[in-house]
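Everything on this sheet refers to the single structure shown next.
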Amino acid sequence: MADCTHDCSTCSSNCGTRSKTSFIKSPHRESHIRRVVAVTSGKGGVGKSLVVSLLAVRAQAMGLRTAILDADITGPSIPRAFGVRELATGTDGNIRPVVTRTGIKLISMNNLLEHEDDPVVWRGALIAGATLQFWTDVVWGDVDIMFIDMPPGTGDVPLSVFQSIPISGAVVVTTPQSLVEMIVKKNVNMARMMDVPVLGLAENMSYFACPDCGKRHEIFGESKAAALAEKYAIPAVSRIPLDPSLTALADMGRVEEADTDCIAEIFAEAMQSRLIEDRLK
Ligand code: ADP
């Protein structure tokens, strides 16, 4: 301790005085954000962006001032699902989010690229930097709840987002296939290591409700959501059906017309999550 520089960011010592909030960054001075919910998954393609979209659509429909920060820089699918093509405007250090038809504020790499099919071929550090700029340099204004579409996995970029943004709670998205437990465990551990409570487990493509016979078919295997939630003490579970109309709405840029009842349990839990002002002090 004799040579302590009081700079925990460059020190690996586990001295007990390490501040868990030392890396938290404040948002833009004109951003007043009450809650931030991070939506994570173990890998791409499991429906994380769809879950973010449904949560945001539900929040906005309930009259909350809602925002989406699309941190899935290399696979940004949110703007397309909402049918917003325009580029974000602003000057250096003052980016204005785009606004969807129903009024959700949104920023995504695709709102900064000239062509939405331009690939982003950056290295991790640059991607993490861009994501944090979406937090620090975007003028979000007054926001009751923000949803972050996290990069999949538990690598550098999601870790740096968890470390730098004062997140109220996390939602983990999975499908019912095998290996799901390992993936859930990794995501839960990452969130908890960062002192972020896990609010909900969303089991996507959980079943198919047959329009003819009305029966629920568990196409990708028996649901594990309730058992996993109990095992890892996750308070809310939502089972989202495999529904071709959801794919169609997202493809047509009309996800705001989707029925969001399937995500109601997790949404309710998100509304109980802690306010970020406590973590910014
Ligand atoms: P991720 O963000 O995890 O990469 P997406 O949310 O982009 O995944 O989903 C991948 C594709 O699967 C999209 O075309 C999306 O519309 C579709 N999809 C996701 N969940 C469902 C569902 N429950 N029913 C129908 N299509 C779905």
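The values are calculated or read from the model by the stated rules, or taken from the named source; none is laboratory data. Just so it is clear, the structure is predicted and the values come from calculations on it, not from any experiment. Methodologically, a virtual Cβ is constructed for each residue, glycine included, from the backbone with ideal geometry; neighbour enumeration extends over all protein chains shown. Surface areas here come from the heavy atoms of the whole protein model, side chains and all, with no ligands, DNA or RNA. Shrake-Rupley method; radii C 1.70, N 1.55, O 1.52, S 1.80 Å.
Of the residues in segment 68-103, how many are within 17 Å of Met252 (Cβ to Cβ), open to solvent by less than 20 Å² (accessible area, probe 1.4 Å) and either in contact with a Pro (Cβ under 8 Å, 6 or more places away or on another chain) or in a strand (DSSP E or B) (or both)?
Summing the residues that are within 17 Å of Met252 (Cβ to Cβ), open to solvent by less than 20 Å² (accessible area, probe 1.4 Å) and either in contact with a Pro (Cβ under 8 Å, 6 or more places away or on another chain) or in a strand (DSSP E or B) (or both) in segment 68-103 gives 0.
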Note to self: Out of everything in segment 33-52 that is open to solvent by 10 Å² or more (accessible area, probe 1.4 Å) and farther than 21 Å from Asp156 by Cβ, what residue ends up being farthest from the ligand (Cβ to nearest atom)?
What the structure shows: Arg34
Item checked: Some residue of segment 232-251 being assigned to a loop (DSSP other than H, G, I, E, B) and open to solvent by less than 20 Å² (accessible area, probe 1.4 Å) -> yes
Check: Across segment 53-67, what is the number of residues that are under 12 Å from Thr102 (Cβ atoms), assigned to a helix (DSSP H, G or I) and either open to solvent by less than 10 Å² (accessible area, probe 1.4 Å) or within 16 Å of the ligand (Cβ to nearest atom) (or both)?
Finding: 5
Checklist line | One residue from Ser160, Ser168, Ser164 being away from the ligand (no atom under 16 Å from the Cβ) and at pLDDT below 90 | finding: Ser160
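Of the residues that make up segment 201-222, is at least one in a helix (DSSP H, G or I) and open to solvent by less than 20 Å² (accessible area, probe 1.4 Å)? Give the steps one after another, and end with the answer.
Residues of segment 201-222 in a helix (DSSP H, G or I): none.
No, because not a single residue in segment 201-222 is in a helix (DSSP H, G or I) and open to solvent by less than 20 Å² (accessible area, probe 1.4 Å).
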Check: Does Ala128 satisfy the criteria of being among the hydrophobic types (A, V, I, L, M, F, W, C), open to solvent by less than 30 Å² (accessible area, probe 1.4 Å) and modelled with pLDDT of 95 or more?
Finding: no
Check: Would you pick out the residues in segment 221-245 that are under 24 Å from the mean Cα position of the chain (by Cα) and farther than 20 Å from Val171 by Cα?
Finding: Asp243, Pro244, Ser245
Item checked: Complete set of residues in segment 237-281 that are out of contact with any Cys (no Cβ under 8 Å at 6 or more places or on another chain), basic (Lys, Arg) and free of Cβ contacts under 8 Å to residues at least 60 places away in the same chain -> Lys281
